[in-house]
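Participant: Please see the structure below; I have some questions.
The values are calculated or read from the model by the stated rules, or taken from the named source; none is laboratory data. Bear in mind that the values here come from a model prediction, so they are computed numbers and not experimental data. Here the Cβ is made from the backbone with ideal geometry for all residues, glycine too, and neighbour counts use every protein chain on show.
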């Protein structure tokens, strides 16, 4: 059975091919959380239930943000490669 902890006591990393899912997942978690918090604060102010309302808004936005990020990240990378020079090769 595989465990998340190696025999040296360190947490195992995901394989490199998981990058195309993990990167948009983390990006969309952060972005949808921040936008949900800002929009909720803008709508209700510093209400006593601001945290609960923000979490409720985030639960609606994250399922939209994650698939959108999976589609958008490769497109953004291509656009950036068109307008930003590649680093010089070290040969």
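Participant: When segment 26-47 is examined, which residues are found to be part of a helix (DSSP H, G or I) and over 10 Å from residue 65 (Cβ atoms)? Write out each step before concluding.
Facilitator: So in segment 26-47, the residues part of a helix (DSSP H, G or I) come out as 26-44.
Within segment 26-47, 26, 34, 37, 38, 39, 40, 41, 42, 43, 44 qualify.
Participant: Inspect all residues belonging to segment 78-86 and state whether any of them is modelled with pLDDT under 95 and not in a helix (DSSP H, G or I).
Facilitator: yes
Participant: For segment 19-42, give me the residue count where each residue is touching a residue at least 24 places away in the same chain (Cβ under 8 Å) and either within 8 Å of the chain's Cα centre (by Cα) or surrounded by 15 or more Cβ atoms within 10 Å (Cβ to Cβ) (or both).
Facilitator: The total comes to 10.
Participant: So, residue 59, is that one in contact (Cβ under 8 Å) with a residue 24 or more places away in the chain, on the phi < 0 side of the Ramachandran plot and part of a helix (DSSP H, G or I) or not? Don't jump to the end; show me each part of the working.
Facilitator: Working: in contact (Cβ under 8 Å) with a residue 24 or more places away in the chain: no; on the phi < 0 side of the Ramachandran plot: yes; part of a helix (DSSP H, G or I): yes.
So residue 59 fails the test.
Participant: Inspect segment 65-80 for any residue being surrounded by 10 or more Cβ atoms within 10 Å (Cβ to Cβ), free of Cβ contacts under 8 Å to residues at least 40 places away in the same chain and touching a helix residue (DSSP H, G or I) at 6+ places or on another chain (Cβ under 7 Å) and give the result as yes or no.
Facilitator: Yes, there is a match, as at least one residue in segment 65-80 is surrounded by 10 or more Cβ atoms within 10 Å (Cβ to Cβ), free of Cβ contacts under 8 Å to residues at least 40 places away in the same chain and touching a helix residue (DSSP H, G or I) at 6+ places or on another chain (Cβ under 7 Å).
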